[in-house]
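Only one structure is covered here, and it is reproduced in the block below.
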Amino acid sequence: MNETMLCSPRGCDKTSPGHGVRPLQVRVAAATPSKWRDGVVTHLPASGWIGIGLMESDRTIWVWNHADLSSEVTLGTPVAVHALYDMLALGSDRVHVLVAPALPGVDGA
């Protein structure tokens, strides 16, 4: 897989976290339902990162995708994050995300 290809309006050829999702990723995430973590969108800074407050704890995790997801989520939107496969569930849609436990200067990091 050529990881140096740029994302284009026609789609994204990258498969690294935060870019395109492979069908196999969707299937393995669906096959491991106990690894989904429910949360609510709590932060939407201009950087493109999305802060998600996890329901199971007081933690906020941060996710990023190369596409602008601001039209898909608003503060308070319920979402789920897969703990193993870096997937974000937005309703029935699945998005491959880069996950960070904290963002410097945003949540005390």
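The values are calculated or read from the model by the stated rules, or taken from the named source; none is laboratory data. Not measured: the values here are computed from a predicted model. Positions of Cβ are generated from backbone atoms using ideal geometry, with glycine treated the same way; all protein chains shown enter the neighbour counts.
Yes or no, residue by residue, for (1) aliphatic (A, V, I, L, M); (2) free of Cβ contacts under 8 Å to residues at least 60 places away in the same chain; (3) under 12 Å from residue 44 (Cβ atoms):
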{"site": "54", "(1), (2), (3)": "yes, yes, no"}
{"site": "58", "(1), (2), (3)": "no, yes, no"}
{"site": "61", "(1), (2), (3)": "yes, yes, no"}
{"site": "68", "(1), (2), (3)": "no, yes, yes"}
{"site": "71", "(1), (2), (3)": "no, yes, yes"}
{"site": "76", "(1), (2), (3)": "no, yes, yes"}
{"site": "82", "(1), (2), (3)": "no, yes, no"}
{"site": "89", "(1), (2), (3)": "yes, yes, no"}
{"site": "94", "(1), (2), (3)": "no, no, no"}
(message) I'd like the full set of residues that are of a type in the set (A, V, I, L, M, F, W, C) and free of Cβ contacts under 8 Å to residues at least 24 places away in the same chain, limited to the stretch 23-44.
(response) 24, 30, 31
(message) I need a count of the residues in the stretch 85-103 that are more than 18 Å from residue 59 (Cα to Cα), among the charged types (D, E, K, R) and surrounded by 14 or more Cβ atoms within 10 Å (Cβ to Cβ).
(response) 1
(message) For the stretch 23-77, give me each residue that is modelled with pLDDT of 85 or more and among the polar types (S, T, N, Q).
(response) 32, 34, 42, 57, 60, 74, 77
(message) If I ask for residues that are closer than 17 Å to residue 100 by Cα and loosely packed, with under 12 Cβ neighbours inside 10 Å, which ones from the stretch 57-82 would you list?
(response) 57, 58
